[in-house]
Amino acid sequence: MTSETRRSRSSEAFFGRRHGKTIRPQQAAALEAGLARYGLDLSVAPPADLAGLFPAQVSQVRLEIGFGGGEHLLHEAAAHPDVGFIGVEPFVNGMAKLMKALADRPLPNLRVYDDDAVRLLDWLPPASLAGIDLLYPDPWPKKRHWKRRFVGQANLDRFARALKRGGRFRFASDIDSYINWTLLHCRAHGAFEWQAGQADDWHRPYEGWPGTRYEAKAVREGRRPAYLSFLRI
(Lines give C-alpha, C1' and ligand atoms only; values in the text may rest on other atoms or scores of the structure.)
Protein backbone atom coordinates (compact mmCIF):
# COMPACT_ATOMS: atom_id res chain seq x y z
CA MET A 1 0.00 0.00 0.00
CA THR A 2 1.48 3.34 -1.05
CA SER A 3 1.53 6.50 1.06
CA GLU A 4 -0.91 8.06 -1.42
CA THR A 5 -3.32 5.15 -0.91
CA ARG A 6 -3.05 5.51 2.84
CA ARG A 7 -3.84 9.23 2.65
CA SER A 8 -6.90 8.54 0.48
CA ARG A 9 -8.54 6.09 2.88
CA SER A 10 -11.86 7.48 4.00
CA SER A 11 -11.25 6.73 7.67
CA GLU A 12 -7.48 6.93 8.02
CA ALA A 13 -7.89 8.35 11.51
CA PHE A 14 -10.14 5.60 12.87
CA PHE A 15 -7.47 2.91 13.15
CA GLY A 16 -3.74 2.98 13.72
CA ARG A 17 -1.03 0.65 12.49
CA ARG A 18 -1.75 -2.16 10.03
CA HIS A 19 1.27 -4.33 10.85
CA GLY A 20 2.75 -5.71 14.05
CA LYS A 21 5.35 -8.47 14.33
CA THR A 22 6.33 -10.17 11.11
CA ILE A 23 3.98 -13.10 10.61
CA ARG A 24 5.41 -16.61 10.29
CA PRO A 25 5.43 -18.38 6.90
CA GLN A 26 2.63 -20.71 7.99
CA GLN A 27 0.49 -17.73 8.99
CA ALA A 28 1.31 -15.93 5.75
CA ALA A 29 0.21 -18.96 3.74
CA ALA A 30 -3.02 -19.23 5.75
CA LEU A 31 -3.62 -15.51 5.29
CA GLU A 32 -3.22 -15.66 1.52
CA ALA A 33 -5.38 -18.76 1.13
CA GLY A 34 -7.95 -17.54 3.65
CA LEU A 35 -8.45 -14.14 2.05
CA ALA A 36 -8.88 -15.82 -1.33
CA ARG A 37 -11.64 -17.95 0.20
CA TYR A 38 -13.30 -15.64 2.73
CA GLY A 39 -12.38 -12.14 1.54
CA LEU A 40 -14.96 -9.77 0.09
CA ASP A 41 -14.34 -7.95 -3.19
CA LEU A 42 -15.85 -4.47 -2.95
CA SER A 43 -15.25 -3.81 -6.64
CA VAL A 44 -18.22 -6.11 -7.29
CA ALA A 45 -21.70 -4.89 -6.40
CA PRO A 46 -23.15 -6.60 -3.31
CA PRO A 47 -26.12 -8.93 -3.68
CA ALA A 48 -29.48 -7.38 -2.82
CA ASP A 49 -29.78 -10.09 -0.16
CA LEU A 50 -26.50 -10.46 1.74
CA ALA A 51 -27.27 -14.11 2.38
CA GLY A 52 -25.96 -14.62 -1.15
CA LEU A 53 -22.43 -13.89 0.07
CA PHE A 54 -22.28 -17.16 1.98
CA PRO A 55 -22.10 -20.79 0.83
CA ALA A 56 -24.07 -21.69 3.96
CA GLN A 57 -27.80 -21.03 4.18
CA VAL A 58 -28.20 -18.07 6.55
CA SER A 59 -31.28 -16.22 7.74
CA GLN A 60 -29.59 -12.93 8.68
CA VAL A 61 -26.21 -11.20 8.57
CA ARG A 62 -24.20 -9.51 11.30
CA LEU A 63 -21.07 -7.37 11.12
CA GLU A 64 -18.16 -7.15 13.56
CA ILE A 65 -15.83 -4.18 13.10
CA GLY A 66 -12.28 -4.60 14.36
CA PHE A 67 -12.34 -8.23 15.49
CA GLY A 68 -8.76 -8.22 16.82
CA GLY A 69 -7.63 -11.81 17.23
CA GLY A 70 -11.05 -13.10 16.22
CA GLU A 71 -12.03 -14.79 19.49
CA HIS A 72 -15.54 -13.35 19.61
CA LEU A 73 -16.15 -13.59 15.87
CA LEU A 74 -15.13 -17.26 15.72
CA HIS A 75 -17.24 -18.07 18.77
CA GLU A 76 -20.33 -16.39 17.37
CA ALA A 77 -19.99 -17.87 13.89
CA ALA A 78 -19.54 -21.37 15.30
CA ALA A 79 -22.41 -20.95 17.77
CA HIS A 80 -24.85 -19.59 15.16
CA PRO A 81 -24.38 -21.53 11.90
CA ASP A 82 -27.65 -20.11 10.54
CA VAL A 83 -26.34 -16.53 10.81
CA GLY A 84 -23.91 -14.99 8.34
CA PHE A 85 -21.03 -13.00 9.83
CA ILE A 86 -18.80 -10.39 8.21
CA GLY A 87 -15.64 -9.48 10.10
CA VAL A 88 -13.54 -6.40 9.41
CA GLU A 89 -9.95 -6.10 10.60
CA PRO A 90 -7.26 -3.97 8.91
CA PHE A 91 -4.52 -5.20 11.27
CA VAL A 92 -2.64 -7.87 9.34
CA ASN A 93 -1.60 -9.91 12.37
CA GLY A 94 -5.18 -10.20 13.62
CA MET A 95 -6.44 -11.25 10.19
CA ALA A 96 -3.62 -13.82 9.90
CA LYS A 97 -4.57 -15.30 13.26
CA LEU A 98 -8.20 -15.65 12.19
CA MET A 99 -7.27 -17.21 8.86
CA LYS A 100 -5.02 -19.74 10.62
CA ALA A 101 -7.94 -20.73 12.86
CA LEU A 102 -10.25 -21.04 9.86
CA ALA A 103 -7.72 -23.25 8.07
CA ASP A 104 -8.09 -25.69 10.96
CA ARG A 105 -11.86 -25.23 11.31
CA PRO A 106 -13.58 -23.79 8.22
CA LEU A 107 -16.81 -21.84 8.70
CA PRO A 108 -19.07 -21.41 5.66
CA ASN A 109 -21.09 -18.63 7.35
CA LEU A 110 -18.14 -16.23 7.64
CA ARG A 111 -16.69 -13.57 5.30
CA VAL A 112 -14.03 -10.94 6.00
CA TYR A 113 -12.73 -7.59 4.81
CA ASP A 114 -9.18 -6.48 5.60
CA ASP A 115 -9.31 -2.73 5.11
CA ASP A 116 -11.38 0.32 6.02
CA ALA A 117 -14.72 -0.55 7.64
CA VAL A 118 -16.22 2.68 6.28
CA ARG A 119 -15.75 1.40 2.73
CA LEU A 120 -17.57 -1.80 3.62
CA LEU A 121 -20.42 0.07 5.32
CA ASP A 122 -20.87 2.26 2.25
CA TRP A 123 -20.82 -0.84 0.02
CA LEU A 124 -23.55 -2.70 1.91
CA PRO A 125 -27.17 -2.43 0.75
CA PRO A 126 -29.50 -0.38 2.95
CA ALA A 127 -31.24 -2.24 5.80
CA SER A 128 -29.18 -5.37 5.17
CA LEU A 129 -27.72 -6.11 8.63
CA ALA A 130 -29.31 -7.58 11.74
CA GLY A 131 -26.49 -6.39 13.96
CA ILE A 132 -23.23 -4.49 14.21
CA ASP A 133 -20.64 -5.19 16.91
CA LEU A 134 -17.90 -2.70 17.78
CA LEU A 135 -16.02 -4.36 20.62
CA TYR A 136 -13.10 -2.73 22.38
CA PRO A 137 -12.27 -0.32 19.56
CA ASP A 138 -9.20 1.87 19.69
CA PRO A 139 -10.16 4.40 22.40
CA TRP A 140 -7.89 7.23 21.22
CA PRO A 141 -7.65 8.27 24.89
CA LYS A 142 -6.06 11.70 24.41
CA LYS A 143 -8.74 14.35 24.13
CA ARG A 144 -7.19 15.90 21.05
CA HIS A 145 -7.62 12.54 19.29
CA TRP A 146 -11.26 11.93 20.25
CA LYS A 147 -12.38 12.96 16.76
CA ARG A 148 -10.67 9.79 15.52
CA ARG A 149 -13.01 7.53 17.47
CA PHE A 150 -15.10 5.31 15.22
CA VAL A 151 -18.34 6.28 16.92
CA GLY A 152 -19.46 9.64 15.61
CA GLN A 153 -22.22 11.28 13.62
CA ALA A 154 -21.01 10.13 10.20
CA ASN A 155 -20.50 6.50 11.14
CA LEU A 156 -23.73 6.34 13.14
CA ASP A 157 -25.43 7.53 9.96
CA ARG A 158 -23.78 4.61 8.19
CA PHE A 159 -24.90 2.20 10.92
CA ALA A 160 -28.47 3.50 10.73
CA ARG A 161 -28.47 3.04 6.96
CA ALA A 162 -27.06 -0.51 7.02
CA LEU A 163 -29.09 -1.84 9.95
CA LYS A 164 -32.60 -3.15 9.60
CA ARG A 165 -35.17 -1.60 11.92
CA GLY A 166 -34.98 -3.60 15.10
CA GLY A 167 -31.33 -4.42 14.45
CA ARG A 168 -28.78 -3.94 17.22
CA PHE A 169 -25.59 -1.98 17.54
CA ARG A 170 -23.43 -3.38 20.35
CA PHE A 171 -20.49 -1.50 21.78
CA ALA A 172 -18.09 -2.77 24.46
CA SER A 173 -15.23 -0.83 26.03
CA ASP A 174 -13.26 -0.49 29.26
CA ILE A 175 -12.54 3.22 28.72
CA ASP A 176 -15.02 5.40 30.65
CA SER A 177 -14.62 8.45 28.42
CA TYR A 178 -15.39 6.38 25.30
CA ILE A 179 -18.39 4.73 26.96
CA ASN A 180 -19.84 8.13 27.85
CA TRP A 181 -18.92 9.43 24.39
CA THR A 182 -20.86 6.59 22.74
CA LEU A 183 -23.90 7.03 24.95
CA LEU A 184 -24.03 10.76 24.21
CA HIS A 185 -23.54 10.34 20.46
CA CYS A 186 -26.16 7.60 20.14
CA ARG A 187 -28.65 9.59 22.19
CA ALA A 188 -28.07 12.67 20.04
CA HIS A 189 -28.35 10.74 16.79
CA GLY A 190 -31.99 9.75 17.11
CA ALA A 191 -31.91 6.43 15.24
CA PHE A 192 -30.71 4.43 18.23
CA GLU A 193 -32.34 3.60 21.54
CA TRP A 194 -30.17 2.43 24.43
CA GLN A 195 -31.39 -0.92 25.77
CA ALA A 196 -30.83 -0.62 29.51
CA GLY A 197 -33.46 -1.94 31.87
CA GLN A 198 -31.60 -1.80 35.18
CA ALA A 199 -28.93 0.44 36.64
CA ASP A 200 -26.14 -2.14 36.40
CA ASP A 201 -27.12 -4.26 33.40
CA TRP A 202 -24.68 -2.43 31.11
CA HIS A 203 -21.87 -3.98 33.13
CA ARG A 204 -23.16 -7.48 32.43
CA PRO A 205 -21.58 -9.25 29.44
CA TYR A 206 -23.77 -10.09 26.48
CA GLU A 207 -25.52 -13.45 26.52
CA GLY A 208 -23.10 -16.15 25.43
CA TRP A 209 -20.15 -13.74 25.68
CA PRO A 210 -16.89 -15.73 25.38
CA GLY A 211 -14.60 -12.96 26.61
CA THR A 212 -11.44 -11.79 24.88
CA ARG A 213 -7.79 -11.53 25.82
CA TYR A 214 -8.00 -7.75 25.71
CA GLU A 215 -10.94 -7.79 28.10
CA ALA A 216 -9.10 -10.08 30.53
CA LYS A 217 -6.13 -7.70 30.47
CA ALA A 218 -8.41 -4.73 31.19
CA VAL A 219 -9.96 -6.50 34.18
CA ARG A 220 -6.52 -7.45 35.54
CA GLU A 221 -5.51 -3.80 35.32
CA GLY A 222 -8.61 -2.67 37.22
CA ARG A 223 -10.76 -1.35 34.37
CA ARG A 224 -14.41 -2.38 34.39
CA PRO A 225 -15.87 -3.16 30.97
CA ALA A 226 -19.23 -1.88 29.83
CA TYR A 227 -21.50 -3.63 27.32
CA LEU A 228 -23.89 -1.28 25.58
CA SER A 229 -26.72 -2.29 23.25
CA PHE A 230 -28.67 0.09 21.02
CA LEU A 231 -31.79 -0.74 19.06
CA ARG A 232 -32.18 0.66 15.55
CA ILE A 233 -35.56 2.41 15.74
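The values are calculated or read from the model by the stated rules, or taken from the named source; none is laboratory data. Since the structure is predicted, the reported quantities are computational estimates derived from the model, not experimental observations. Note that we place each Cβ from the backbone using ideal geometry, even for glycine, and neighbour counts take in every protein chain shown. Only protein heavy atoms, including side chains, enter the accessible area calculation; ligands, DNA and RNA are left aside. Shrake-Rupley method; radii C 1.70, N 1.55, O 1.52, S 1.80 Å.
Pairs needed: first member in the range 102-113, touching a residue at least 12 places away in the same chain (Cβ under 8 Å); second member anywhere, open to solvent by less than 70 Å² (accessible area, probe 1.4 Å) and part of a strand (DSSP E or B); C-beta distance under 6 Å; at least 6 residues apart or different chains.
Sorted first by the residue in the range 102-113, then by its partner, the pairs are 109/84; 110/85; 111/86; 112/39; 112/87; 113/88.
What's the number of the condition residue 151 fails, among (1) assigned to a loop (DSSP other than H, G, I, E, B); (2) of a type in the set (Val, Ile, Thr); (3) out of contact with any Leu (no Cβ under 8 Å at 6 or more places or on another chain)?
(3)
Search the range 201-227 for residues that are on the phi > 0 side of the Ramachandran plot and pair each with any residue that is open to solvent by less than 50 Å² (accessible area, probe 1.4 Å) when their beta-carbon atoms are under 8 Å apart and the residues are at least 6 apart or on different chains.
208/76
Please go through the range 106-122 and pick out each residue that is part of a strand (DSSP E or B), under 11 Å from the mean Cα position of the chain (by Cα) and not aromatic (Phe, Trp, Tyr).
112, the sole residue that qualifies.
Out of 195, 153, which single residue is over 29 Å from residue 58 (Cβ atoms), polar (S, T, N, Q) and open to solvent by 20 Å² or more (accessible area, probe 1.4 Å)?
Result: 153 is the single residue among 195, 153 that is over 29 Å from residue 58 (Cβ atoms), polar (S, T, N, Q) and open to solvent by 20 Å² or more (accessible area, probe 1.4 Å).
Looking at the range 91-105, can you tell me whether even one residue there is crowded, with 18+ Cβ neighbours inside 10 Å, assigned to a strand (DSSP E or B) and not hydrophobic (A, V, I, L, M, F, W, C)?
No, there is no match, as no residue in the range 91-105 is crowded, with 18+ Cβ neighbours inside 10 Å, assigned to a strand (DSSP E or B) and not hydrophobic (A, V, I, L, M, F, W, C).
From the residues in the range 122-149 that are open to solvent by 60 Å² or more (accessible area, probe 1.4 Å) and modelled with pLDDT of 95 or more, which one is farthest from residue 87 (Cα to Cα)?
Filtering the range 122-149 for residues that are open to solvent by 60 Å² or more (accessible area, probe 1.4 Å) and modelled with pLDDT of 95 or more, the one farthest from residue 87 (Cα to Cα) comes out as 126.
Out of 190, 197, 208, report the one residue that is within 19 Å of the chain's Cα centre (by Cα) and not charged (D, E, K, R).
Just one listed residue meets the conditions, 208.
Out of everything in the range 188-233 that is among the β-branched types (Val, Ile, Thr) and part of a loop (DSSP other than H, G, I, E, B), what residue ends up being nearest to residue 69 (Cα to Cα)?
212
Considering only residues of the range 69-90 that are in a helix (DSSP H, G or I) and either farther than 24 Å from residue 227 by Cβ or of a type in the set (Gly, Ala, Ser) (or both), which is least open to solvent (accessible area, probe 1.4 Å)?
Only one residue fits best here, namely 77.
Which ones in the range 183-233 are in contact with a helix residue (DSSP H, G or I) (Cβ under 8 Å, 6 or more places away or on another chain) and charged (D, E, K, R)?
Within the range 183-233, 213, 224, 232 qualify.
Confirm whether residue 168 is open to solvent by 60 Å² or more (accessible area, probe 1.4 Å), touching a residue at least 40 places away in the same chain (Cβ under 8 Å) and among the basic types (Lys, Arg).
It is true that residue 168 is open to solvent by 60 Å² or more (accessible area, probe 1.4 Å), touching a residue at least 40 places away in the same chain (Cβ under 8 Å) and among the basic types (Lys, Arg).
Of these, 158, 119, which one is in contact with a helix residue (DSSP H, G or I) (Cβ under 7 Å, 6 or more places away or on another chain), closer than 18 Å to residue 89 by Cα, open to solvent by 40 Å² or more (accessible area, probe 1.4 Å) and not aromatic (Phe, Trp, Tyr)?
Criteria check complete, one pass: 158.
Determine whether the range 31-38 contains at least one residue that is in contact (Cβ under 8 Å) with a residue 40 or more places away in the chain and of a type in the set (Ser, Thr, Tyr).
yes
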